[in-house]
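**Q** My structure is below; once you've seen it, I'll send some questions.
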Amino acid sequence: MAPRTWQARYADRIATAAAALEGVRDGQTVFVGSGAGEPLALTRALVDLAPRRSDVEVFQVAGGWASPTAERPDLARHFRVRTVLGARPRAEEGGSGPDALPIRLCDLPAALASDLLRMDVALVQVSPPDEAGLCSLGVSVDVTRAAVESARRV
């Protein structure tokens, strides 16, 4: 039997954002790409999943994902947000802001590779595959590759 082409493997992985997130379970840690690398369709689907999940930790290098939880305090029952950059607790507003992870940005790839910082799921944005089937992480060059390589599900 001939090996499957990358195009066939790619076609098998195409899914809606909601279907892609069906595998997110209670208690898991979900890495979300930061800044321009944040996969907005996936993060919106993650917010929609909230009523059916609890104790999901959302990890993002820069704290942009905290805005959904700040705007909708009801999400705090379902998600805990941890970040390295931009953590500013909102206790004065009666809500909860992101928790700051006390680690240097340059140490994150090693922490991910050693499973010291466990990521169950990585939500990232990539380019469409090129003629060789390779995708680019584009502008997301902080620790996204390390998260993709260490996550159990991408």
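**Q** Round to the nearest 0.05 the FRET efficiency obtained for Asp12 and Arg118 when R0 = 35 Å and r is the Cβ-Cβ distance.
**A** Using R0 = 35 Å, I get an efficiency of 0.85.
**Q** Once amide H atoms are built 1.01 Å from N in the peptide plane, which residues 5 or more positions from Arg153, or in another chain, come under 5 Å H to H?
**A** Val121, Ala122
**Q** Determine the dipole magnitude for the chain: charges of +1 sit on the beta-carbon of Lys and Arg, -1 on that of Asp and Glu, nothing else is charged, the reference point is the Cα centre, and the result goes in debye to the nearest 20.
**A** In total the dipole reaches around 220 debye.
**Q** Please give the length that would be gained between Val139 and Arg52 if that part of the chain were fully extended, namely 0.36 nm times their separation in residues minus their C-alpha to C-alpha distance (nm, one decimal).
**A** Length difference between fully extended and current span is 28.1 nm.
**Q** I would also like to ask the following. Under 5 Å between amide H atoms, partner at least 5 residues away or on a different chain: which partners does Val81 have, H built in plane at 1.01 Å?
**A** Hits under the 5 Å cutoff: Val58, Asp99.
**Q** Go ahead and estimate [θ] at 222 nm for the chain from helices alone: -39,500 (n - 2.57) per DSSP H run with n ≥ 4, summed, over the residue count, rounded to 500.
**A** It comes out at -6500 deg cm²/dmol, rounded to the nearest 500.
**Q** Determine ³J(HN,Hα), in whole Hz, for all residues of region 29-38 in sequence, where each value follows from phi through the Karplus function 6.51 cos²θ - 1.76 cosθ + 1.60 and θ = phi - 60°; x replaces Gly and Pro.
**A** 10, 10, 7, 10, x, 9, x, 5, x, 6
**Q** Of Leu137, Ala147, Gly37, which is farthest along the charge dipole of the chain in the positive direction, counting Lys and Arg as +1 and Asp and Glu as -1 at C-beta?
**A** The residue sitting farthest along the positive end of the dipole is Ala147.
**Q** Then there is this: Using the Kirkwood radius over C-alpha pairs as Rh, can you work out the diffusion coefficient of the chain via Stokes-Einstein at 4 °C, viscosity 1.567 mPa s, in µm² per second?
**A** The Stokes-Einstein estimate is 80 µm²/s.
**Q** Continuing with the same structure: Give, as a single signed number, the net charge of other residues whose beta carbon lies under 11 Å from the beta carbon of Val32, with Lys and Arg counted +1 and Asp and Glu -1.
**A** Net charge around Val32: -1.
**Q** So who's got an amide H within less than 5 Å of the one on Ser136, skipping anything under 5 residues away but keeping other chains? H placed 1.01 Å off N, in plane.
**A** Ser127
**Q** From the Cα trace of region 13-66, what convex hull volume per residue do you get, rounded to a whole Å³?
**A** Taking the convex hull of the Cα positions in region 13-66, it is 83 Å³ per residue.
Read-outs: derived from the displayed coordinates by stated rules, not from any lab. Everything numeric here is computed off the predicted structure, so don't read it as measured data. No Cβ is skipped: glycine too gets one built from the backbone with ideal geometry, and neighbour counts run over all protein chains shown.
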